[in-house]
Amino acid sequence: MSAPFLWIFLPFILAGILSLLRNQKVITLIACIFTLLLTLAAWLLPLDTVMTIGGWSFKLTSSLNILGRRLVLGPPDLSLLALIYGSAVVWFVAASATKSARRLNSLGLAIVALLVAALAVEPFLYAALLIEMAVLLSVPLLFTPGKYPGKGLIRFLIFQTLAMPFILFSGWLLAGIDANPGNLGLVQQAAILIALGFTFLLAIFPFHSWIPLLTEESSPITVGFILWMFPTVALFFGLGFLDHYSWLRDAPALNNILTTVGLLMVVSGGILAAFQKHLGRIMGYAVIMETGFSILTINLAKSVGLNLFLTLLIPRTLCLVVWALSLNIFKGHSPSLLLNDIKGLVRTFPFATSGLVLANLALAGMPLLAGFPSHQAIWGELATSSYSIVIWALVGSLGLFFSAFRVMTAFSAAPEGAHWESHETVAQRVLLSIGFIALFLLGLFPQWVLPLWIKLPAIFSHLGQ
Amino acid sequence: MITILNWTALLIALITSVGLLLQRDWRVGLGLLATQYLSIFWLVQIHWPVSMAAGKLVTGWMACAVLGMAQLSNSNTEESEEAWPQGRLFRLFTAGIITAATFGLSLRASNWLGLSLPVAWGSLLLAGMGLLHLGISAQPFRVVLGLLTVLAGFEILYAAVESSTLVAALLSAINLSLALAGAYLVTMSKEGQT
């Protein structure tokens, strides 16, 4: 058996089977167990080595040829697979406490498989096509049947689709540069096309508007999943470009571009989050801010390696899961997610309120919470290069911090004499409690998750050094 | 003779893409899109074998059929365009600007990529018209028409530089999936309204 078959084709086939089933509990159980097994397999199984279990011996080969192209999942990729499928388990488990589990588990598994294929395909420019397929599969996931498709979904579809032609065409130019590295005109054209492609793919300003719109329109848990999955894969895809092409990595303008873009996203995301009146939109802007931080850390990768970029991944996943689950609970019980409509809900939804506020504060970099160690390291590293950059980054974080206080104020504005009670289900209470504990534990002991990503830099032969 | 046919294909692309911008009836729109795929087929077969180019034509027509069936199941509900502006004169004017701009660009692109002018212009024209369509439409059906037009424009240009069968197959799959996604949005949103 080959690794691509195990981690790409098998989940994709299972996703198809799951979409035929009706029972939400069965779907959730199968999807969670299967994804957990894939995570453990990525963690424990060696590649290209003969293994004997009982009287049965087998070997997991790292590549699979398909129509003249290759899907390669080598030994360094196993930690990334464990991270991706492990995070998917967390999302699927969280979704089990909502009504979106059926669609998220089946379509989500297919999306994960397609995006893993995007990271595995060689030549890696084919990834743009696979990402586009994942985008198209996301449409039924993000759309609520019976409602008119919102602007956010339409823009998501348009912007993500427009990314594909730019990246594919840049691939053709890059092949030309490989053959003729001295052609500066070609280098410039390729760089512009790559930049445009990733601007669409990563929802970089001014093509970010779909994120807050989508978080306002769709089910928070499905949007959260999409906003975790797509930027993460797009960032790894972008790092693949940087790792593969030395002229791009060493381009003098790259530092300025990445700093400006990253800072723009951090500042705009943070400040705009501070003035939002819709809880979903705040999460959307927080995601924009986080993508900005990731772009800033890519820029720092030359000096400190990829560690800062990687430290962001696990806390971000955890924060988004807790935030999205909390929002989902409110969406089911409140007329809307506007601040005016959630006033005083802390008395009736204490777990969801705490989850939402803690996740918000954690992503803002609040000490003792999961986001703090990574953000503090980024602020420290940015300060060594420029004080103005770190001040702007802090302004962004402060904006998100301020939004958490606004939300907290709205939640606690309960009428006098209102009783404390919990309207969350037992499953929601348990999952959110685990989330709180994890948020604090990751803040206090960030080194505990070190084994989960410490091998990840090996994916990149140049950036990982 | 071949040159004349190339220019004819470009003319069809121009007429159909402008028609797509101006029409309000989905049946006419799909008819224009299906005709547009004929011109795409012709412009693509200049660089690809006819059998592969025919794949594009068939895919395009299948996409039209998928969208048509979705609309047909709810044909009694006529949608009004929400996006501003709605005026046909304005659309015609902007289409004229796009035509002129893409002509200027295609002169450079044909030199750069070594393509004939009808291919370069046809490609950029469709991409430009598709983008214009996306800019002034908000309905899922029209947005999908716009995206299919943009992709068609890109595919003409890309066919000149890449002839991989796998890429062609994946692009066809994307076109079909896009039509299916559009059909899903059209059908499911209307089902909820009735």
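The values are calculated or read from the model by the stated rules, or taken from the named source; none is laboratory data. Note that the structure is predicted; figures quoted are calculated from it, not measured. For neighbour counting, all protein chains shown are included, and Cβ atoms are generated from backbone atoms with ideal geometry for every residue, glycine included.
Restricting region B:147-161 to residues that are in contact (Cβ under 8 Å) with a residue 40 or more places away in the chain and within 13 Å of the chain's Cα centre (by Cα), the residue that is farthest from residue A:132 (Cα to Cα) is B:156. Can you say whether residue A:44 is at pLDDT below 90, surrounded by fewer than 19 Cβ atoms within 10 Å (Cβ to Cβ), more than 21 Å from the chain's Cα centre (by Cα) and outside the structural domain of residue A:234 (by TED's automatic domain parsing), as far as the supplied structure shows? So residue A:44 fits the description; yes. The single condition among (1) in a helix (DSSP H, G or I); (2) within 13 Å of another protein chain (Cβ to nearest Cβ); (3) surrounded by fewer than 18 Cβ atoms within 10 Å (Cβ to Cβ) that residue B:163 does not meet is (1). Listed by position, the strands (runs of 3 or more DSSP E) contained in region A:19-75 that have at least 2 residues being within 14 Å of another protein chain (Cβ to nearest Cβ) are A:63-66, A:69-72.
May I ask you to list the residues in region A:47-62 that are of a type in the set (A, V, I, L, M) and either modelled with pLDDT under 80 or surrounded by 10 or more Cβ atoms within 10 Å (Cβ to Cβ) (or both)? Don't jump to the end; show me each part of the working.
Filtering region A:47-62 down to residues of a type in the set (A, V, I, L, M) leaves A:47, A:50-51, A:53, A:60.
Once the filter is applied, which keeps residues that are of a type in the set (A, V, I, L, M) and either modelled with pLDDT under 80 or surrounded by 10 or more Cβ atoms within 10 Å (Cβ to Cβ) (or both), region A:47-62 yields A:47, A:51, A:53, A:60.
Exactly one residue among A:135, A:116 is crowded, with 24+ Cβ neighbours inside 10 Å, under 23 Å from the mean Cα position of the chain (by Cα) and not assigned by TED's automatic domain parsing to the domain that holds residue A:254, and that residue is A:116.
The numbered conditions (1) under 29 Å from residue A:6 (Cβ atoms); (2) surrounded by 20 or more Cβ atoms within 10 Å (Cβ to Cβ) are all true for residue A:166 except (1). When region A:121-146 is filtered for residues that are touching a residue at least 12 places away in the same chain (Cβ under 8 Å) and either small (Gly, Ala, Ser) or outside any helix (DSSP H, G or I) (or both), the ones remaining, listed by number, are A:121, A:122, A:123, A:127, A:128, A:134, A:138, A:143, A:144.
Exactly one residue among A:121, A:112 is under 24 Å from residue A:455 (Cβ atoms) and away from every other protein chain (no Cβ under 13 Å), and that residue is A:112.
Tell me yes or no: at least one residue of region A:82-103 is more than 22 Å from the chain's Cα centre (by Cα) and basic (Lys, Arg). No: region A:82-103 contains no residue that is more than 22 Å from the chain's Cα centre (by Cα) and basic (Lys, Arg).
Here residue A:447 meets each of (1) touching a residue at least 40 places away in the same chain (Cβ under 8 Å); (2) polar (S, T, N, Q); (3) outside any loop (DSSP other than H, G, I, E, B) with one exception, condition (1). Counting the residues of region B:107-128 that are assigned to a helix (DSSP H, G or I), out of contact with any Gly (no Cβ under 8 Å at 6 or more places or on another chain) and more than 10 Å from every other protein chain (Cβ to nearest Cβ) gives 10. Residue A:54 satisfies every condition listed in (1) touching a Lys or Arg at 6+ places or on another chain (Cβ under 7 Å); (2) more than 30 Å from residue A:102 (Cβ to Cβ) except (1). Among the residues of region A:249-281, those identified as of a type in the set (S, T, N, Q) and out of contact with any Ser or Thr (no Cβ under 7 Å at 6 or more places or on another chain) are A:255, A:256, A:259, A:260, A:268.
If only residues of region A:160-203 that are part of a helix (DSSP H, G or I) and polar (S, T, N, Q) are counted, the one that is nearest to the other protein chains (Cβ to nearest Cβ) is A:161. Just one of the numbered conditions (1) outside any loop (DSSP other than H, G, I, E, B); (2) over 19 Å from residue A:413 (Cβ atoms) is not true of residue A:366: (1).
Considering the conditions (1) within 10 Å of chain A (Cβ to nearest Cβ); (2) of a type in the set (S, T, N, Q); (3) closer than 14 Å to residue A:168 by Cβ; (4) touching a Pro at 6+ places or on another chain (Cβ under 9 Å), residue B:139 is excluded by exactly one of them, (3). Under the condition of being in contact (Cβ under 8 Å) with a residue 60 or more places away in the chain and within 15 Å of the chain's Cα centre (by Cα), the residues counted in region B:107-135 number 10. Of the candidates A:98, A:144, the single residue that is within 9 Å of another protein chain (Cβ to nearest Cβ), closer than 28 Å to residue A:332 by Cβ and at pLDDT below 90 is A:144. Can you confirm whether region A:274-289 contains a residue that is closer than 21 Å to residue A:383 by Cα and either part of a helix (DSSP H, G or I) or without any contact (Cβ under 8 Å) to a residue 40 or more places away in the chain (or both)? Yes, region A:274-289 has at least one match.
Residues being over 30 Å from residue A:451 (Cβ atoms), assigned by TED's automatic domain parsing to the domain that holds residue A:425 and not in a helix (DSSP H, G or I) are entirely absent from region A:301-318.
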